Amino acid sequence: MIGPHRIQIVGGGEFSCGEGERVLLAMERGGSSDIGVGCRGGGCGICRIRVVDGDYRTGKMSTAKISETEREAGFALACRVFPVSDLLIEI
Ligand code: FES
C-alpha cells in the first residue's frame, strides 16, 4: 500500500503521512504539536512514541534512547518513523 497513510493518536487527533515521510514532520504539518520536537535526527529522544498498531520502518535511532527491547515493544522516535500502513500511535 502506498501512502498517504492515516495516523491516529490514541486519545487524540489524526493526520495523514506519506510513505516516504517522517511521522514527526507530518504531525507538525498537521498541527498536532502535542509531541516534543528536538533534533529531528534520531538523537535526542524527545519525540519518542509507541506504535500500538500498524506497520512502519525506521531510520537510524540512538540505541541510548530506544533499546532493542523497547523497539520490539513498539517504541520508536517519531522523527525516524516512516509508515508502511495506517498507524495507531501513543504519544
Ligand atoms: S526529535 Fe530528536 S530524536 Fe526525534
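What the table shows:
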item	result
Pairs where the first residue, in segment 5-27, is among the charged types (D, E, K, R) and the second is in a loop (DSSP other than H, G, I, E, B), C-beta under 6 Å, 6+ apart	Arg6/Asp86; Glu19/Ile2; Glu19/Gly3
Selection count where residues are surrounded by 13 or more Cβ atoms within 10 Å (Cβ to Cβ) and part of a loop (DSSP other than H, G, I, E, B), scope segment 60-90	8
Tally, over segment 39-59, of residues that are surrounded by 15 or more Cβ atoms within 10 Å (Cβ to Cβ) and out of contact with any helix residue (DSSP H, G or I) (no Cβ under 8 Å at 6 or more places or on another chain)	6
Filter pass, Gly18 being on the phi < 0 side of the Ramachandran plot, modelled with pLDDT of 90 or more and more than 16 Å from the ligand (Cβ to nearest atom)	yes
Residues located in segment 35-53, provided they are in a loop (DSSP other than H, G, I, E, B) and either modelled with pLDDT of 90 or more or more than 14 Å from the ligand (Cβ to nearest atom) (or both)	Gly38, Cys39, Arg40, Gly41, Gly42, Gly43, Cys44, Gly45, Ile46, Cys47
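The values are calculated or read from the model by the stated rules, or taken from the named source; none is laboratory data. Just so it is clear, the model here is predicted, and its values are computed rather than measured. Note: ideal-geometry Cβ built from the backbone for every residue, glycine included; neighbour counts use all protein chains shown.
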